[in-house]
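Worksheet: the structure to be examined is printed underneath.
The values are calculated or read from the model by the stated rules, or taken from the named source; none is laboratory data. Keep in mind the model is a prediction, meaning the values are calculated, not measured. No Cβ is skipped: glycine too gets one built from the backbone with ideal geometry, and neighbour counts run over all protein chains shown. SASA here: full protein model, heavy atoms, side chains in, ligands and nucleic acids out. Shrake-Rupley method; radii C 1.70, N 1.55, O 1.52, S 1.80 Å.
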Amino acid sequence: MKSIKKTLVIGLGLIGGSLALALRKAGLGGTIIGCDRDQSEVELAIKIGMIDQGSTRAEDWIAEADLIVVSVPVIAMESVMTQLKPLLRNDTIITDVGSSKGSVQTSAVKVWGRLPANFILGHPIAGSEKSGVSAALVDLYQKHKVILTPTQDNNRQAVSIVTQMWRSTGADVLTMDIARHDEVLAATSHLPHMLAFSLVDTLASQDESLEIFRYAAGGFRDFTRIAASDPVMWRDIYIANKPAVLQALTEFEQGLSRLRTAIEESDSDAMLGIFTRAKAAREHFSRILENSAYIPMQNKLINYRTAPGNALSGRIRVPGDKSISHRSIMLGSLAEGVTQVKGFLEGEDSLATLQAFRDMGVVIEGPHQGEVTIHGVGLNGLKKPAGALYLGNSGTSMRLLSGLLAGQAFDVELTGDASLTKRPMERVAKPLREMGAVVETAEGGRPPLVIRGGQALKGIDYQMPMASAQVKSCVLLAGLYAEGETKTTEPAPTRDHTERMLTGFGYEVTRKGATASLQGGGKLVAGNIDVPSDISSAAFFMVAGSIADRSEILIEHVGMNPTRVGIVNILRAMGADITLENESEVGGEPVADVRVRSADLKGIDIPQDQVPLAIDEFPVLFVAAACAEGVTRLRGAEELRVKESDRIQVMADGLQALGIQCTVYEDGIDIVGINAVQGGKMSGGRVHSHDDHRIAMSFAVASLCSEGEIFIEDCANVATSFPGFVELANKIGMKINVEEA
Ligand code: S3P
């Protein structure tokens, strides 16, 4: 903004005045000149140092201004533009702050014949119910959004200067097209103001003495705060943005009438549906406001700083199993009747699945302390979601959902975060297409996926090219909607939670060796689900308890499904002291308490048949290998390269940074252990999680055998599978500090 020597702000209300204050504070915009129709406002602005100079006559300053901010009500825009036109220099940049953009563009076209190239339309999303110079606030725009609606004909440099101007006030600048801006604002600002004004007016006119307001509590106050806003300004806004406002009102009236009908008919499910969806959406909105995702802190950059470890002791319970939590929501939603889930993992991944089903019209109460109540809609009861289903970081959500969505009557798009967008989806798209589904992927078979509804699926006999429970589950879930029999045969055993839970929900699944099959066209009957603790989360503490000196810990109620116990088998083969206690079966899944004591670990050649049974546990197993005596060799594990990160390379890089020798192979790794028992230590150092929760947690465990601190970058992702990891780890004696970057 160096070229801006003089800035003229026309209109010293809350918006223009606050901008002038913020520009002065930032030392930008050169001399700030302020004009207002009201002489006393100009005088006050000069007196409090809001502006350098000013008057009631904007026309006196126009020719000398390098930047003009038109900060008058939208209804007055045209007359200000008429005043600007004859006096304006060619190189002066203009912007406005009007809360509807289509009408400002129309006014400009009336005055100039087109929107001038240097006129950048803008709208700061900030305000208060107060107005005038005395209401202005220097930090009004801090962390607020400012929307610019540049057009193709706008001068790029002018766009850049207006962007810099707003950024200097602390605002977050984004761009949108004009029509979209007006729709969004009609829905999120103009409609709620209209409702607040109308509600207060309706109540006030029923009770002339305003006596009724004596009884109104916080809810009324919160809902109606904005009814104290400037009436003239709002009248102008409704005139300026009439079409978009009326459209938003029509949609609201339809929603309100659905709620009215639900109340009239005492339709409890319909009411709960509206309220739980709204509550989830409101909570999502609060988290956006806090700049975080499903769980606090997710969007912040978090690092772990770990101190070399101690003896560990204590009794802990890790969160619910991620794979079972996903499936509980999916099958519970598609079942007939109400499913109660206990022990649900309230991590980002399973919450993404939960949200997806809410978006498809399923009423889901909770989660509240791991309890979720799902009002099943039956296999054919899902509704088309209003937009794309956003699945965050969760590969399981995307792959399993694509199977069951292939059988729906509607089209749907599945999207995810940057990491998920890199993961291969052709492995599910291919068998689904063989079944008759229409699945479109982005380049290279990556997300987003578009699944076209209304296809008649037929059963297939699928010989899976890779050992993947997600692919198997995807095909079986599509099989629920297919004609005839759907069969999958896996090259090695993979987790079988889908088969178990389908059976638990009364759906017949035939299992013979590596083959699972089912007939389409049946139904699922709701049942209760008790989710055991996740063995994949317990794995971090199994390794921690083994490698830390003089340690003994007990991990309660861990899922011990035989397709998941590779971690226990491999650690025992390395010499770990792990015993299972209180073995029982809960809801079709074996569980046990796991006791872990320090042990002398030895390097081994990891048996191939254990690889799919420990697929998620290798990052932390590599840490065990690094502490062991001798070399540990892993082969046949190429699947690790397509997890949340390339887990072979990323772990090798991190271990090498800590002084561990390893050799990477396409399908595995050799790791030379430091023989921790004989006093061998890793060095401290700096490692990166590569946006992968299990990498972050594995290096935190490594600190138990390091001689210096390990600094682990980018650990917010731990929330995807293990909320509360740090608290639990520190409770038994680890030393992890969470630092916000
Ligand atoms: C999962 C299967 C595994 C695993 C993932 C969860 C599941 O993936 O890595 O964390 O719940 O089905 P693959 O099927 O790709 O091996």
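What the table shows:
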item	result
Given (1) more than 16 Å from the ligand (Cβ to nearest atom); (2) part of a helix (DSSP H, G or I); (3) touching a residue at least 40 places away in the same chain (Cβ under 8 Å); (4) open to solvent by 10 Å² or more (accessible area, probe 1.4 Å), number of the condition VAL650 does not satisfy	(1)
Criterion: over 22 Å from ARG235 (Cβ atoms), in contact with a Phe, Trp or Tyr (Cβ under 9 Å, 6 or more places away or on another chain) and among the aliphatic types (A, V, I, L, M) - qualifying residue of ILE51, ILE68, ILE62, ILE46	ILE68
Residue within the range 541-553 that is open to solvent by less than 10 Å² (accessible area, probe 1.4 Å), within 16 Å of the ligand (Cβ to nearest atom) and not hydroxyl-bearing (Ser, Thr, Tyr) present	no
Qualifying residue in the range 718-741 (condition: closer than 30 Å to ARG635 by Cα, in contact (Cβ under 8 Å) with a residue 60 or more places away in the chain and of a type in the set (Asp, Glu))	no
Residue check, GLY122 in contact with a Ser or Thr (Cβ under 6 Å, 6 or more places away or on another chain) and at pLDDT 95 or above	yes
Criterion: within 16 Å of the ligand (Cβ to nearest atom), open to solvent by less than 10 Å² (accessible area, probe 1.4 Å) and out of contact with any Phe, Trp or Tyr (no Cβ under 9 Å at 6 or more places or on another chain) - qualifying residue of LEU634, LEU621	LEU621
GLY343, sole failed condition from (1) touching a His at 6+ places or on another chain (Cβ under 7 Å); (2) open to solvent by 10 Å² or more (accessible area, probe 1.4 Å)	(1)
Output for the range 22-39, where each listed residue is open to solvent by 10 Å² or more (accessible area, probe 1.4 Å) and more than 39 Å from the chain's Cα centre (by Cα)	GLY30, THR31, ASP36, ARG37, ASP38, GLN39
In the range 515-539, residue least open to solvent (accessible area, probe 1.4 Å) [restricted to those that are part of a loop (DSSP other than H, G, I, E, B) and away from the ligand (no atom under 16 Å from the Cβ)]	LEU524
Set LYS422, LYS430, LYS512: member being without any contact (Cβ under 8 Å) to a residue 12 or more places away in the chain, within 16 Å of the ligand (Cβ to nearest atom) and outside the structural domain of VAL591 (by TED's automatic domain parsing)	LYS430
Residue count, the range 243-279 (criterion: touching a residue at least 40 places away in the same chain (Cβ under 8 Å) and basic (Lys, Arg))	1
Filter result (under 16 Å from SER198 (Cβ atoms), open to solvent by 90 Å² or more (accessible area, probe 1.4 Å) and either assigned by TED's automatic domain parsing to the domain that holds SER99 or over 30 Å from the mean Cα position of the chain (by Cα) (or both)) within the range 217-241	PRO231, ARG235
Failed condition for LEU640, given (1) part of a helix (DSSP H, G or I); (2) under 30 Å from ARG446 (Cβ atoms); (3) away from the ligand (no atom under 16 Å from the Cβ)	(3)
Breaking point among (1) closer than 30 Å to VAL565 by Cβ; (2) in contact with a Phe, Trp or Tyr (Cβ under 7 Å, 6 or more places away or on another chain), for SER473	(2)
Whichever residue in the range 304-332 is open to solvent by 10 Å² or more (accessible area, probe 1.4 Å) and either in a loop (DSSP other than H, G, I, E, B) or at pLDDT below 95 (or both) and, among such residues, is nearest to the ligand (Cβ to nearest atom)	PRO319
Answer residue from the range 683-735, given it is crowded, with 23+ Cβ neighbours inside 10 Å and among the β-branched types (Val, Ile, Thr) and is modelled with the lowest pLDDT among those	THR720
Failed criterion for VAL42 (all others in (1) buried (at least 16 other Cβ atoms within 10 Å of the Cβ); (2) outside any helix (DSSP H, G or I); (3) not acidic (Asp, Glu) hold)	(2)
Matching strands (runs of 3 or more DSSP E) fully within the range 116-182 where at least 2 residues are open to solvent by 20 Å² or more (accessible area, probe 1.4 Å)	172-175
Every pair of residues 6+ apart whose Cβ atoms lie under 9 Å, when the first sits in the range 88-107 and is open to solvent by 20 Å² or more (accessible area, probe 1.4 Å) while the second is in a loop (DSSP other than H, G, I, E, B) and charged (D, E, K, R)	ARG89/ASP66; ASP91/ASP66
Complete set of residues in the range 653-674 that are of a type in the set (A, V, I, L, M, F, W, C) and either open to solvent by 10 Å² or more (accessible area, probe 1.4 Å) or over 18 Å from VAL611 (Cβ atoms) (or both)	LEU655, ALA657, LEU658, ILE660, CYS662, VAL664, VAL672, ILE674
Test: residue in the range 376-383 that is farther than 20 Å from ASP616 by Cβ, in contact with an Asp or Glu (Cβ under 6 Å, 6 or more places away or on another chain), open to solvent by less than 50 Å² (accessible area, probe 1.4 Å) and more than 14 Å from the ligand (Cβ to nearest atom)	yes
From the options LEU19, LEU8, LEU67, LEU14, residue that is touching a Lys or Arg at 6+ places or on another chain (Cβ under 8 Å), open to solvent by less than 50 Å² (accessible area, probe 1.4 Å) and closer than 19 Å to ILE120 by Cα	LEU67
Failed item, numbered, when GLU644 is tested on (1) at pLDDT below 95; (2) over 30 Å from the mean Cα position of the chain (by Cα)	(2)
Answer from THR56, THR82 - the residue that is in contact with a Cys (Cβ under 8 Å, 6 or more places away or on another chain) and open to solvent by 20 Å² or more (accessible area, probe 1.4 Å)	THR56
Output for the range 384-405, where each listed residue is of a type in the set (Gly, Ala, Ser) and either within 16 Å of the ligand (Cβ to nearest atom) or not assigned by TED's automatic domain parsing to the domain that holds LYS523 (or both)	GLY392, SER394, GLY395, SER397, SER402, GLY403
Scope the range 466-503; condition away from the ligand (no atom under 16 Å from the Cβ), buried (at least 17 other Cβ atoms within 10 Å of the Cβ) and more than 13 Å from LEU404 (Cβ to Cβ); matching residues	LYS487
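Conditions (1) of a type in the set (Lys, Arg); (2) closer than 30 Å to ARG641 by Cβ; (3) open to solvent by 30 Å² or more (accessible area, probe 1.4 Å), marked per residue:
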{"position": "ARG564", "(1), (2), (3)": "yes, yes, no"}
{"position": "ASP577", "(1), (2), (3)": "no, no, yes"}
{"position": "LEU580", "(1), (2), (3)": "no, no, yes"}
{"position": "VAL594", "(1), (2), (3)": "no, yes, no"}
{"position": "LYS602", "(1), (2), (3)": "yes, yes, yes"}
